[in-house]
Amino acid sequence: MTQNPDTSRNFLAVTAVAAPSKADLAGQLGDILAAAGVGAMQLRILSNTGPWQACEYVFEAGAQAEIEAVRAGVKGLEADVAVLPAANRRKRLLISDMDSTIIGQECLDELADFAGLKAEVSAITERAMRGELDFEGALTTRVAMLKGLELSALEAAYRERITLNPGARTLTATMKAHGAHALLVSGGFTFFTSRVAEASGFDAHRGNTLSDDGAVLMGDVGTPILGREAKLTALDEAAAAHGLVRDDALALGDGANDLDMIRAAGLGIAYRAKPIVAEQATAAINHADLTAALFFQGYMASEFVEV
C-alpha cells in the first residue's frame, strides 16, 4: 500500500488500536466495515507484538451515508478507532496540552496539596476542564488560594508528583524523527512546562507564569493568561513559523481549554478527555497510550523511536 493515496479520490483510513488480549481485532474491524457497505478494502497490520495491537483498513469512501455507517459501527468496537482521510496523515506539527495529557497529573492540584487545599482546588479544576467555568477566572481563583506557598513546594511537586504518561516520549521522538516540530502548550505554569518539555522531548513550550517575591507565591498569575484562544494562536504561530497550515497539525488535549486547537488541527485527538472534548475531537484515545496517536497517522510499531 502506498503512503500517499491518490488525493484526487476520496480514500479513508480506519485505524484501530487495542490491547493484545483483544481477539481478532482486524477481523472484527473488517466485519464492521463490510456491514457498513464498504467494498474493496486494503488491510495493513501496524502492530501485532508489544503492548498494543493495531491495524488499519484503507478504502475509497462512497456516499456520506456509508461513511456515517462506518463511524457508527466502530463505536461498538472495544478499541481506540480513528476514521480519517488517508491523505496527509503524517502530521508535521505536534501541539499538545500538558496536564492530564502528556503528564498524568494536574500541576496546580498537586501544588494545592502542599497547601492543604487539594480537594477544594481539584473541584474547581474539574469544573473548568468540563467547560462549566470560565478558564481564566478559575485559574486566577485557584492561584489566589496558594498565596504564601513556599517556592520550594514547586520543585517538590515536580520531583515527587509529576510523571509522564505512557507513550509520551515515543510520540514526540517518532514525530520529530520524521520532521515534525513539537510544541507543549499549557494553561499551567512555565516552571512545569519547561521541565516537562525537556523530559518528554518537546522542542518548545508555552505556559502561564506565577508571581513570587523570591520566597513565596504572591497569589497572582502573569498576564496575558494563556487559555483557550491562546492555544489556538500558538498552533497558528507555530504552523506559520514552519511553513505549515492547520491541516498539518496534530493537537492533543483533554479539557475545554483545548477545544479550539483540537477542532482547528488536521488531526485533533481527545486523550482521556472530558465529554465536551471527546464529542468534538476527530479521534479519541481512551484505551491505549499516547502511541495510539502514531498509529492513527499510519506509523507502524517498527517505525517508533523509543527513548
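Just so you know, all these numbers are worked out from the coordinates, no wet-lab data involved. Since the model is a prediction, treat every value here as computed from it, not as a measurement. Glycine also receives a Cβ, built like all others from the backbone with ideal geometry; neighbour counts cover every protein chain displayed.
Here is how the numbers come out for the structure above:
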quantity	calculated
Max mean-square fluctuation residue, GNM over the chain, Cα-Cα springs under 10 Å, options P20, P166, P224	P224
Within straight-line cross-link reach of K91, aspartates and glutamates at Cα separation under 13 Å, skipping those fewer than 8 residues along the same chain	D247, D248
Whether the range 1-87 is rounded, prolate or oblate, judged on the alpha carbon gyration tensor where a/c under 1.5 counts as rounded	oblate
Fraction of antiparallel bridges per DSSP, the chain only, in percent to nearest 5	55
Choice from G30, G188, G179 showing the highest fluctuation, given a GNM over the chain with Cα pairs closer than 10 Å	G179
Inter-probe distance in nm under a simple model that places probes 7 Å from Cα toward Cβ, at A23 and R130	3.8
Contour excess over end-to-end distance, with Cα ends at D247 and E78 and 0.36 nm allotted per residue	58.0 nm
Between 0 and 90°, nearest 10: helix 228-241 axis offset from the chain longest Cα axis	60
Rounded tilt (10° steps) of 64-74 against the dominant C-alpha axis of the chain	70
Nearest-ten-degree value, helix 135-144 long axis tilted from longest Cα axis of the chain	40
Extension gain (nm, one decimal) between Q280 and E68, 0.36 nm per residue minus Cα-Cα	74.8 nm
When each of K22/K176; K231/K274; K147/K274 is checked by Cα-Cα distance, pairs over 24 Å	K22/K176; K147/K274
Cα centre as origin, Lys/Arg/Asp/Glu Cβ charges: the chain dipole, Debye	580
Pair E150, A204: separation of 7 Å Cα→Cβ label points (nm)	3.7
Dipole magnitude of the range 185-307, debye to nearest 20 (Cβ charges: Lys/Arg +1, Asp/Glu -1, about Cα centre)	260
Point-charge dipole on Cβ atoms (K/R +1, D/E -1) for the range 1-87, about Cα centre, debye to 20	100
GNM result for the chain, Cα springs below 10 Å: residue of E132, E160, E110 fluctuating most strongly	E160
The chain - mean residue ellipticity at 222 nm from DSSP helices (-39,500 (n - 2.57) per run, n ≥ 4, rounded to 500)	-10500 deg cm²/dmol
Length gained when the stretch T141-V307 is fully extended (0.36 nm per residue, less Cα-Cα span)	55.9 nm
Pairs of Cα atoms farther than 34 Å apart, the chain, %	25
Residue order, fewest to most beta carbons within 10 Å, for M98, M218	M218, M98
Neighbourhood charge, 10 Å Cβ-Cβ cut-off, centred on M218 and excluding it, Lys, Arg +1 and Asp, Glu -1	-2
